[in-house]
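What follows is a set of notes on a single structure, which appears directly below.
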Protein chains: 2
Amino acid sequence: MKVIVQKYGGTSMGSVDRIHRVATRIKKWSDTDVKLVVVTSAMSGETNRLISLAKNFTADPDARSLDQVLASGEQVSSGLLTIMLKELGLDAISFCGWQVKIVTDSVFGKAKIKSIDPSFVRKELSTRNVVVITGFQGIDESSGAITTLGRGGSDTSAVALAYALKAEECLIYTDVDGVYTTDPRVEPNAKRLKTVTFEEMLEMSSLGSKVLQIRAVGFAGKFKVKTRVLSSFQDPNLSIADELRESTIVTHEEDEVMEEAVISGIAFNRDEARITVSGVSDTPGVAHKILGPIANANIDVDMIIQNSSRDGTTDFSFTVHKDELRDAEKVLLDEVPKSLGYGEICSDINICKVSVVGIGMRSNVGVASKMFEILSMEGINIKMISTSEIKISVVIDDKYMELAVRALHRAFNLDV
Amino acid sequence: MKVIVQKYGGTSMGSVDRIHRVATRIKKWSDTDVKLVVVTSAMSGETNRLISLAKNFTADPDARSLDQVLASGEQVSSGLLTIMLKELGLDAISFCGWQVKIVTDSVFGKAKIKSIDPSFVRKELSTRNVVVITGFQGIDESSGAITTLGRGGSDTSAVALAYALKAEECLIYTDVDGVYTTDPRVEPNAKRLKTVTFEEMLEMSSLGSKVLQIRAVGFAGKFKVKTRVLSSFQDPNLSIADELRESTIVTHEEDEVMEEAVISGIAFNRDEARITVSGVSDTPGVAHKILGPIANANIDVDMIIQNSSRDGTTDFSFTVHKDELRDAEKVLLDEVPKSLGYGEICSDINICKVSVVGIGMRSNVGVASKMFEILSMEGINIKMISTSEIKISVVIDDKYMELAVRALHRAFNLDV
């Protein structure tokens, strides 16, 4: 049994017409010899609508109840798609996450998938062509409650199902036709990459090239799930070969990377805010005392920077999602011991992170200095720097974001 | 453990403010020594919105998928209510029908409850004050699919839960404060009844006094669940005694009926259409051959009338819900054997059914003739007549509905 998993995002499911297009595409695929598992996001805007409804009652809705509310979005979209598939004559059936036993932990709003029993879906696929499954959600193993996986969680649902079902490939249909050297809306000369490694993709997506959710990429890389990003806005009646041509394969084989450029792309992210705890005593355990309470509150931290000591004190900075800035500040004020003797806690939301990413960077020490030189030539001040094996990130004033991205894109020859 | 079940209808849950009122009322109740099970309908308009969404794809959506879509309405409303209850400091939790094991048969869109295991909810109530449960839905015992109980099914959910949990009482909060002698919007002199028997209520609700769903009444009567109808629009801070004063108790004890009037109320229904199969041969099995296929298609039939034979043929009429008229006609044309030799099948949607209902009618032969006399004095032609132990129904032109209701209300002394 040859299984393909397809995932359709919120924009792809955003209207009656678009769901019709998705159904037409699925019909084309199901006319071949493959069995399809289709994972749906909620119709675009629906999750935000439901969050707003809940926030009418309180700024901090009960997480378990909120997950029950939010999970309804995919329940509706998957049901509607299946209605359309049946209308087209396909033998399709739809299930919620709890029905196909997508078991998660109990962290409501950010649950992690612990297991998927493939036998249920495999049994359904043995008698029909298409099984539609709600993305973004599962069932809590301990209490049987509905859980959601957090923003973009449907990508993770799709990759996890592809792994559990030993699918040939996981196709992520989105509103772009692949992974680009940078966001084409910022730099019109951006080019689509034919392939990208999971490592690069991990850096790209965590940095804000919002093509594929970071957890999904991590999962796909770890379990070697062949994943492909392609557009749901292509003509659904294109041949499958033509459809696949316009896509980016996320691969786990470095050998598959044809042309090893030094830099694969320029990523950016405007969703973060910076928090600085200044003048903390430079003694062992400081980082843990500051970040431990943040982690316990389930707030994700991205960059973490601690400068070298001066007068026995140091400044400690980190970035969090803007939506979680207030929570993070509260946690710090409530729980970080005064014994750290810090000066003050200040935050900055007018920041932007810009990163250059590339597998080829490993053996090229000149990339960082070239990046800093280009930014300096444009008169852009760097507020934070962070590096990894295959990326260099800087935090700058968000008003310089476009300028920085375009200058770097050109300087690293990504236009050609 | 003293358990009270409360059910809030769609209008009661229709906005953020109204959900806030419901939560305030629940808080008042939970401050006493009772444990509360709260059953919610979808926010008003939501079920219709979801049906419209589905009908965008086809006039006849796949029933299993549609149930998955529709069930989301109560999932959202129950979650929102619980968010508000938690915000008020109550120890509340919400569940979907499948989570509390409301097991149904497999008739999607019109499922019947087969069993509820009370142990799950009882266990939750042992540690907290309020358990919120989605109305209108359950889980199919054979396939584990989400099922819905049909229009007004939340009443049935509430009564069934009250029975399973051996609750003291089932309180149905709705947009009216009880059962009236007729609809006050049609006859301003209509009076609230202090008590009404299940038998009367059964006739009243099936006839269109849309206070309480007929299946719920049947269930409550059969299993002797004490049920009370009251308004969710009363000030939620009224004392519980004052709140209960403005209500109607539906009772299984005829003795509890204080003042045994001959007629308790005038009911009416504009949602039905009449189908007549004319000139069928008057031989054994005719009724079954006509209604068998209708029943197999799961179309509910209300009145059934067959006139006495003339020339060896007879006319066979019955009424169905207007929404199901087209389906019923199609079934008749496709499946009723030509051997019946019927003349034609015709239908009429401009009809209205008006009924007088009362336990006291049993021993009073004059009610029917008095009813016909009054209608005749108003110049209203009767198209069909049907009688039971405690009610007489007539079908008339729908344009005479108001005239008939008011004349009958006055003639049977219900104004005083």
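The values are calculated or read from the model by the stated rules, or taken from the named source; none is laboratory data. Bear in mind the structure is a predicted one, so any value in this text is a computation, not a measurement. Cβ placement follows ideal geometry from the backbone for every residue including glycine, while neighbour counts extend to all protein chains displayed.
Tallying residues that are within 14 Å of another protein chain (Cβ to nearest Cβ) and either without any contact (Cβ under 8 Å) to a residue 24 or more places away in the chain or surrounded by fewer than 21 Cβ atoms within 10 Å (Cβ to Cβ) (or both) within region B:142-193 yields 3. If only residues of region B:337-358 that are at pLDDT below 80 and of a type outside the set (D, E, K, R) are counted, the one that is nearest to B:Asp60 (Cα to Cα) is B:Pro337.
When each of A:Thr11, A:Thr32, A:Thr24 is tested for being of a type outside the set (A, V, I, L, M, F, W, C) and in contact with a strand residue (DSSP E or B) (Cβ under 8 Å, 6 or more places away or on another chain), the lone residue that passes is A:Thr11. Restricted to region B:378-395, and to residues that are among the polar types (S, T, N, Q) and not in a loop (DSSP other than H, G, I, E, B), which residue is nearest to B:Arg270 (Cα to Cα)? Of everything passing the filter in region B:378-395, B:Ser393 is nearest to B:Arg270 (Cα to Cα). Where residues in region A:145-183 are acidic (Asp, Glu) and in contact with a Lys or Arg (Cβ under 9 Å, 6 or more places away or on another chain), which of them is nearest to A:Leu193 (Cα to Cα)? Step by step, filter region A:145-183, then rank; the result is A:Asp177.
Here's the yes/no breakdown for (1) hydrophobic (A, V, I, L, M, F, W, C); (2) touching an Asp or Glu at 6+ places or on another chain (Cβ under 6 Å):
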site	(1), (2)
B:Met84	yes, no
B:Phe95	yes, no
B:Ser115	no, no
B:Ser119	no, no
B:Lys123	no, no
B:Thr134	no, yes
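Selection within region A:55-86: residues that are among the charged types (D, E, K, R) and not in a helix (DSSP H, G or I). The member of this set that is nearest to the other protein chains (Cβ to nearest Cβ) is A:Asp62. When region A:401-416 is filtered for residues that are over 21 Å from the mean Cα position of the chain (by Cα) and closer than 14 Å to A:Asn269 by Cβ, the ones remaining, listed by number, are A:Glu402, A:Ala404. Here A:Ser119 passes the criteria (1) in contact with a strand residue (DSSP E or B) (Cβ under 7 Å, 6 or more places away or on another chain); (2) away from every other protein chain (no Cβ under 12 Å) except the one numbered (1). Against the definition (in contact with a Pro (Cβ under 8 Å, 6 or more places away or on another chain), assigned by TED's automatic domain parsing to the domain that holds A:Leu244 and more than 20 Å from A:Gly73 (Cβ to Cβ)), how does A:Thr32 come out, yes or no? Considered against the rule, which asks whether it is in contact with a Pro (Cβ under 8 Å, 6 or more places away or on another chain), assigned by TED's automatic domain parsing to the domain that holds A:Leu244 and more than 20 Å from A:Gly73 (Cβ to Cβ), A:Thr32 comes out as no. Every residue in region B:119-140 that is within 24 Å of the chain's Cα centre (by Cα) and either of a type in the set (S, T, N, Q) or not in a strand (DSSP E or B) (or both), please. Selection gives B:Thr134, B:Gly135, B:Phe136, B:Gln137. For region B:87-111, a residue qualifies if it is of a type in the set (Ser, Thr, Tyr) and more than 10 Å from chain A (Cβ to nearest Cβ), and the qualifying residues are B:Thr104, B:Ser106. When B:Arg245, B:Arg228 are screened for being free of Cβ contacts under 8 Å to residues at least 40 places away in the same chain and either closer than 26 Å to B:Ala111 by Cβ or basic (Lys, Arg) (or both), only B:Arg245 passes. Counting only residues that are within 12 Å of chain A (Cβ to nearest Cβ) and among the small types (Gly, Ala, Ser), region B:122-141 holds 0 of them.
Yes/no per residue for (1) modelled with pLDDT of 85 or more; (2) part of a loop (DSSP other than H, G, I, E, B):
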{"position": "A:Arg215", "(1), (2)": "no, no"}
{"position": "A:Gln234", "(1), (2)": "yes, yes"}
{"position": "A:Glu243", "(1), (2)": "yes, no"}
{"position": "A:Val250", "(1), (2)": "yes, no"}
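Selection of first residues in region B:14-27 that are facing another protein chain (nearest Cβ under 9 Å) and of second residues that are among the charged types (D, E, K, R), restricted to Cβ pairs under 9 Å at least 6 apart or on distinct chains, gives the following pairs, ordered by first then second residue: B:Ala23/B:Glu87. Only residues that are more than 9 Å from chain A (Cβ to nearest Cβ) and either assigned to a helix (DSSP H, G or I) or over 18 Å from the mean Cα position of the chain (by Cα) (or both) were counted in region B:28-54, giving 17.
If the condition is being of a type in the set (Gly, Ala, Ser), over 21 Å from the mean Cα position of the chain (by Cα) and either assigned to a strand (DSSP E or B) or surrounded by 22 or more Cβ atoms within 10 Å (Cβ to Cβ) (or both), then region B:4-27 contributes only B:Ala23. Being modelled with pLDDT of 95 or more, within 28 Å of B:Ser65 (Cβ to Cβ) and among the charged types (D, E, K, R) is a property that B:Arg18 lacks. Every condition in (1) under 24 Å from B:Ser264 (Cα atoms); (2) modelled with pLDDT of 85 or more; (3) crowded, with 20+ Cβ neighbours inside 10 Å holds for B:Ala328 except the one numbered (1).
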